[in-house]
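To start, the structure under review is shown below, and the notes come after it.
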Amino acid sequence: MTERLRRSLDRVTRVRGVRGALVVTRDDGLVVADALMEGVRGDAVAALAASLASRLGSAARASGLGAPHFYHLQATEGTLLAVPGPSGVLVVVVADHELNVGLARLEMLRVAEAIW
Amino acid sequence: MTSTRVVEPWLRQPLERFVTEAGARLTLIMTPAGQVLAQHGFTRAVDVMAAAALGSAIVSSTREIAALIGEVGFRALNHQGVHHGIFLAEMDSPRGRLLALVVYGSDSLVGLVRLFFEDLVRDLGEACPPEKPRKPVIAADFERELNQSLASLFGR
């Protein structure tokens, strides 16, 4: 993992409520880089988030909405965020309810920039 | 119509769960020698036999390559095509080492297949009943059991 990417992932995890951040390949659902708290299953999050993003992307395009820029899934115990990045990757964040979504998204976009 | 066929009933539920969750189109569970224990999605016996023989040969070949470079073995291989991918992996089960050959399409991901393969290994371990003591093999039993296995796998 490049130092720039590591630093940007670390910045995401410093946002209050974030339990883990990952860079995932969109076509494969595999982990490229991660910064996770204990108890977060990176491989499972990567595979399922990539699958979810793929299906939601299909739904958005089929609805005439174009390609999604941001995914926000609210669940009973927390939140999953994803931002498509360059080179076929997806930046994914797992967080609890006290997350500032705007701040997290900003840091996720910085991660995507670090991949260029 | 897709089908799941098994030689022993305890294999069915774990295999069906894996196929559903991983989005696998074709799956074979076999011994390292290529003897098929369960299959999903194949409709022709000749395809099952060919896939089992080729999958077993690939694992044997890669094991030899691993030995050449001082590795114990490669646990899993993935071949990615344009429309399909092939995931081939070894697993330890109460019945010894088994191989799984999984063909998945563009509606699934290798990450998903890998993820649910771990669950399949766990589920098979939990579902496997204690092995019965082996009886001496006699020609008549061998042929009858072989025919039963073929009937289970190919519905004949």
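Helix B:110-127 versus the longest principal axis of chain B: what is the Cα-based angle in degrees, 0 to 90, to the nearest 10?
Between helix and principal axis, roughly 30 degrees.
Would you mind computing, in nm to one decimal, how far apart the modelled labels at residue A:106 and residue A:14 are, each placed 7 Å from Cα along Cα→Cβ?
Distance between the two pseudo-spin positions: 1.3 nm.
Quick one: net charge of residue B:14's neighbours, Cβ under 15 Å, K/R +1, D/E -1?
Net local charge, residue B:14 excluded: -3.
Give a quick list of GluC sites (Glu not before Pro) in the range B:1-82 that DSSP marks as loop, anything other than H, G, I, E or B, with at most 15 other Cβ atoms within 10 Å.
B:71
Need one word for the range A:34-98: rounded, prolate or oblate. Basis is the Cα gyration tensor (sqrt eigenvalues a ≥ b ≥ c); a/c below 1.5 gives rounded, then a/b vs b/c decides.
prolate
So how far apart, in nm, are the two label points at residue B:50 and residue B:128 if each is 7 Å from Cα heading toward Cβ?
About 3.1 nm, to one decimal.
When the Cα centres of the range B:86-155 and the range A:92-116 are compared, how far apart do they sit, in Å?
Going from one Cα centre to the other spans 42 Å.
Note the angle between two axes, namely the Cα long axis of helix B:139-154 and the longest principal axis of the Cα atoms of chain B, as a number of degrees from 0 to 90, rounded to the nearest 10.
Around 40 degrees separate the two axes.
At what distance in nm do the modelled label points of residue A:6 and residue B:17 sit from each other, each positioned 7 Å from its Cα along Cα→Cβ?
3.9 nm
Across peptide A:26-35, what mean number of C-beta atoms from other chains lies inside 10 Å of a residue's C-beta?
Partner-chain Cβ atoms within 10 Å, mean over residues of A:26-35: 3.
How many angstrom lie between the C-alpha centres of the range A:1-58 and the range B:29-51?
If you average the Cα positions of each part, the centres end up 36 Å apart.
Relative to the first principal axis of the alpha-carbon coordinates of chain B, what is the inclination of helix B:45-68, with its axis defined by its Cα atoms, in degrees from 0 to 90 and to the nearest 10?
60 degrees
Values quoted throughout were computed directly from the atomic coordinates according to the rules given, and no laboratory measurement underlies them. Since this is a predicted model, take the numbers as computed values, not measurements. Cβ atoms come from the backbone with ideal geometry, glycine included; neighbour counts cover every protein chain shown.
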